Amino acid sequence: MSEHMLPTVEIETGQAPDASIIWLHGLGADGHDFEPVVPELGLPGRLAVRFVFPHAPSMPVSLNGGYIMPAWYDIRHTDLGIEHDGEGIARSARQIRLLIEQEQMRGIKANRILVAGFSQGAAMALHVGLTHPEKLAGIIALSGYLLQPEMLEAKRSPANQDMPIFMAHGVEDPVVPFALGEHAARTLSTWGHEVAWHAYPMAHHVCPEEIRAIGSWIAERLGPDAPLHFAAFHPDWRMLDKPSTPPRTLTRARAIAVEHGLRYVYTGNVHDPEGGTTYCPSCHEVLVRRDWYEIPEYHLTDEGHCPNCGAVIAGRYEKFGTPFGARRIPVSMHAI
């Protein structure tokens, strides 16, 4: 069965976006509902993201007397934890996957795509994200719940078994009970997901504190400036029977991370000068060269800029004084 592409509202936070967030609205709303949230997220200026806000199709909603309104699936009972509209959920899931595919056709890698949603949209975001065959960047579920949880657990994609999830809920929510959202968060944690759970003293809406927390979480998940270290395992004490991590494994892991857009990726606990070197993400000049515990080259300015092109390098810096090398530093340990 062919599906039509959902109409959308789009906002880009910078030129040539390298990440996308597909954000699903709640029952009766439309794609414009969360448009005003984008500038309030406080995303870093260097993070270029395309926000895609689709309009759900209109359909009769049983709970509202058959009134036709934008909805991702039919709701038949006030108890949102029972009898979910499987056909409607499957249809909307296919349409949302088309949006993911469209972003990939526009050059966005799957692991740079987040699926977000509010209320009914949050339930769909969880359903689509957890069952998507390719690894995604994560899920944002606001005032949401799990659809067909038994079936969902069985259909979870191996690629997204450890999908990071941001969840938030109002403790006074009269529409989607707080207990339903909290139960979903606990369930997802038992399935092995890293769930960032937030509760706020509010009803069925979002609040400024929640929006700021979402922005921080997005920046952490999508920001290319987050440093990533791959450290080799070294057998010691009771684990002498375990092999060390082969250096080629770390080198390959670093190469994959760089290919996926991360700017500061390092290898550790192995002799790998290349994997320990910091390069300018703009002009690719060597900024800090490390060799074991030695720093034979250091070219950053005192303000943390590349001296060649002036690019701002993520991090905190102090004026570089005497050369740093391998030496023992006494450490005093005190009982707490």
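The values are calculated or read from the model by the stated rules, or taken from the named source; none is laboratory data. What you see is a predicted model; the values in this text were computed from it and never measured. Because the Cβ atoms are built from the backbone with ideal geometry, glycine has one as well, and the counts that use them run over all protein chains shown.
I'd like the full set of residues that are surrounded by 14 or more Cβ atoms within 10 Å (Cβ to Cβ) and not polar (S, T, N, Q), limited to the stretch 274-284.
Step one: list which residues in the stretch 274-284 are surrounded by 14 or more Cβ atoms within 10 Å (Cβ to Cβ), which gives 275-282.
If the condition is that a residue be surrounded by 14 or more Cβ atoms within 10 Å (Cβ to Cβ) and not polar (S, T, N, Q), then G275, G276, Y279, C280, P281 are the ones that fit.
When you check R156 against the structure, is it within 16 Å of the chain's Cα centre (by Cα) and modelled with pLDDT under 95, yes or no?
In short, no.
Only one of these conditions is not met by I21: (1) touching a residue at least 24 places away in the same chain (Cβ under 8 Å); (2) surrounded by fewer than 20 Cβ atoms within 10 Å (Cβ to Cβ); (3) under 15 Å from I214 (Cβ atoms). Which number is it?
Failed condition: (2).
One line per residue, one yes/no per condition, for (1) outside any loop (DSSP other than H, G, I, E, B); (2) in contact (Cβ under 8 Å) with a residue 24 or more places away in the chain:
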position: H4; (1), (2): no, yes
position: P17; (1), (2): no, yes
position: V37; (1), (2): yes, yes
position: W72; (1), (2): no, yes
position: E83; (1), (2): no, no
position: I89; (1), (2): yes, yes
position: S92; (1), (2): yes, yes
position: Q102; (1), (2): yes, yes
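Return the residue satisfying two criteria in turn: it lies in the stretch 241-265 and is under 26 Å from A19 (Cβ atoms) and touching a Pro at 6+ places or on another chain (Cβ under 7 Å), and of such residues it is surrounded by the most Cβ atoms within 10 Å (Cβ to Cβ).
Ranking the candidates gives R263 first.
Filter the stretch 19-35 down to the residues that are modelled with pLDDT of 95 or more, outside any loop (DSSP other than H, G, I, E, B) and not acidic (D, E) and list them by number.
Across the stretch 19-35, the qualifying residues are S20, I21, I22, W23, L24.
Among what's in the stretch 77-109 and is basic (K, R) and loosely packed, with under 14 Cβ neighbours inside 10 Å, pick the residue that is nearest to P149 (Cα to Cα).
Per the criteria, the residue is R94.
Would it be correct to say that R46 is of a type in the set (D, E, K, R), touching a strand residue (DSSP E or B) at 6+ places or on another chain (Cβ under 9 Å) and at pLDDT below 95?
Criteria met by R46.
Can you tell me which of (1) part of a helix (DSSP H, G or I); (2) of a type in the set (A, V, I, L, M, F, W, C); (3) at pLDDT below 95 is the one I108 doesn't meet?
Result: I108 fails condition (1) only.
Which ranges mark the helices (runs of 4 or more DSSP H) fully within the stretch 141-240 that have 1 or more residues being in contact (Cβ under 8 Å) with a residue 12 or more places away in the chain and loosely packed, with under 14 Cβ neighbours inside 10 Å?
149-155, 208-222
Hey, can you tell me all the residues within the stretch 49-70 that are assigned to a loop (DSSP other than H, G, I, E, B), out of contact with any Asp or Glu (no Cβ under 6 Å at 6 or more places or on another chain) and within 26 Å of I214 (Cα to Cα)?
Keep residues of the stretch 49-70 that are assigned to a loop (DSSP other than H, G, I, E, B), which gives 55-57, 65-66.
This time we only want the ones that are out of contact with any Asp or Glu (no Cβ under 6 Å at 6 or more places or on another chain), so: 56-57, 65-66.
A56 - this is the single residue of the stretch 49-70 that is assigned to a loop (DSSP other than H, G, I, E, B), out of contact with any Asp or Glu (no Cβ under 6 Å at 6 or more places or on another chain) and within 26 Å of I214 (Cα to Cα).
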